[in-house]
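> Handing you a structure now.
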Amino acid sequence: MILCLCPNPSIDMYAWLNTLQAGQANSITKEERFPGGKGVHVALAVAELEEQVMLLGFWGGPTGQWVKENCESKGIECYGPELKDWTRTCLILKSDTYFDDTELLGSGPTISSADFESFRNTFIQILPKADCITMSGSWPKGAPVDAYAQLVSLANKAGKKIFLDCAGEQLNQALIQKPFSVHINRREGQKLFEEESPEQIAFLLAKQCTYAAVTAGADGLYLVAGDELIHAQCPVEDVYSAVGSGDCLLAGLAVAFNRELDIQAVAQLAVACGAANCIRPELGLLYQSDVEILKKQVLINKSAKTSVTNSVS
Ligand SMILES: O=P(O)(O)OC[C@@]1(O)O[C@H](CO)[C@@H](O)[C@@H]1O
């Protein structure tokens, strides 16, 4: 059983536009809605890979119910406090010709300390049922800055493997607790370590966790464990959208570790899941049939640590 946390779910809406001009009325020519928020995507991908899933989130108003019911219809067990404030909408502006995918991220409802306590208590209650835990995405306003750190500490004490994907101060605080696996993208790594190379970022990150996963867009995944580096890439043509592919990659990592696959097979499944999301129009979703085909196309390189120049604070 994999427990996925999504503190700030969303309705992700693709809005198609022919043009986009600030200060003008712009017509949306087509709109599509999907259940979203990083942890919701992870949970849906894990369910598609035929693992049992629990999903813990804050569910706000009718929009929150819509996301929750969508997940329940896929067999996902949903938990977490209900809020009066509505779950956010994240807009992904799409255009065939005019611009690249442009995201407008809602900030979501504001939670109280009682709401956070309720979330934390539910986490403690369901933790014994989980074999491993994914924690990903932002927190709603009002959450403590060490929200993930508190939950990582609880999960570590219970001996559960954590797969963490977050940014900023939540990440800094959580790293102090040494989560099992940390997943960041290259951009976040550059900010964190002032280092350009994804390999070096992964080695630096690996000082604070057992497995460090750094994604670099089309350049794939750099996965470091101790002195060992795996670089895995899955070349795909006709990328529809990369939004949500990091979430699907995280789902692949958690599922592969949970199945106790060897490290190369972990990297292979993870990048195939990320690529499977890119080729389909459904935002943040993947199909197992695509994953099986893409797994065979994954290119893997294994090497040992050479030199890391920066030091980690
Ligand atoms: O604000 P967060 O939670 O960090 O990220 C939100 C988000 O960008 O992440 C998903 C794509 O990865 C989308 O569902 C959503 O728009």
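Readers should treat all values here as calculations from the given coordinates under stated rules, not as data from a laboratory. Owing to the predicted nature of the structure, the values given are computational and were not obtained by experimental measurement. In this analysis, Cβ positions are derived from the backbone assuming ideal geometry, glycine residues included, and neighbour counts consider all displayed protein chains.
> Which percentage, to the nearest 5, of the DSSP beta bridges contained in the chain is antiparallel?
Within the chain, antiparallel bridges account for around 45 percent of the total.
> While we're on this one: Beyond 37 Å, what share of the Cα-Cα pairs of the chain remains, rounded to the nearest whole percent?
Counting pairs separated by more than 37 Å, the tail of P(r) holds 11 percent.
> Take the Cβ-Cβ distance between Ala22 and Ala167 as r, set R0 to 41 Å, and report the resulting FRET efficiency rounded to the nearest 0.05.
Given R0 = 41 Å and the Cβ-Cβ separation, E is 0.95.
> Going by amide H atoms built from the backbone, whose H comes under 5 Å of the H on Gly142, apart from near neighbours?
Sorted by chain and number, the residues that satisfy this are Ile111.
> May I pose another question? Rounded to the nearest 5, what % of DSSP beta bridges with both residues in the range 1-62 are antiparallel?
Antiparallel bridges make up about 60 percent of those DSSP assigns within the range 1-62.
> Would you kindly calculate the translational diffusion coefficient of the range 1-83, applying Stokes-Einstein with the Kirkwood radius from alpha carbon pairs, for 10 °C and a viscosity of 1.306 mPa s, and quote it in µm² s⁻¹ without decimals?
115
> Mind listing the Cα extents of the range 116-263 along all three principal axes, in Å, largest one first?
For the range 116-263, the Cα spread along each principal axis is 44, 35, 33 Å.
> Using 0.36 nm times the number of residues separating Lys296 and Leu261, minus their current alpha carbon distance, what extension gain do you get? Kindly include the intermediate steps, with their values, before the conclusion.
Details: separation 35, 0.36 × 35 = 12.60 nm, distance 1.59 nm.
Between Lys296 and Leu261, full extension yields 11.0 nm more.
> Further question: Once you have the alpha carbon radius of gyration of the range 247-286, what is it after dividing by 2.2 N^0.38 Å, with N set to its residue count?
For the range 247-286, the normalised Cα radius of gyration comes out at 1.13.
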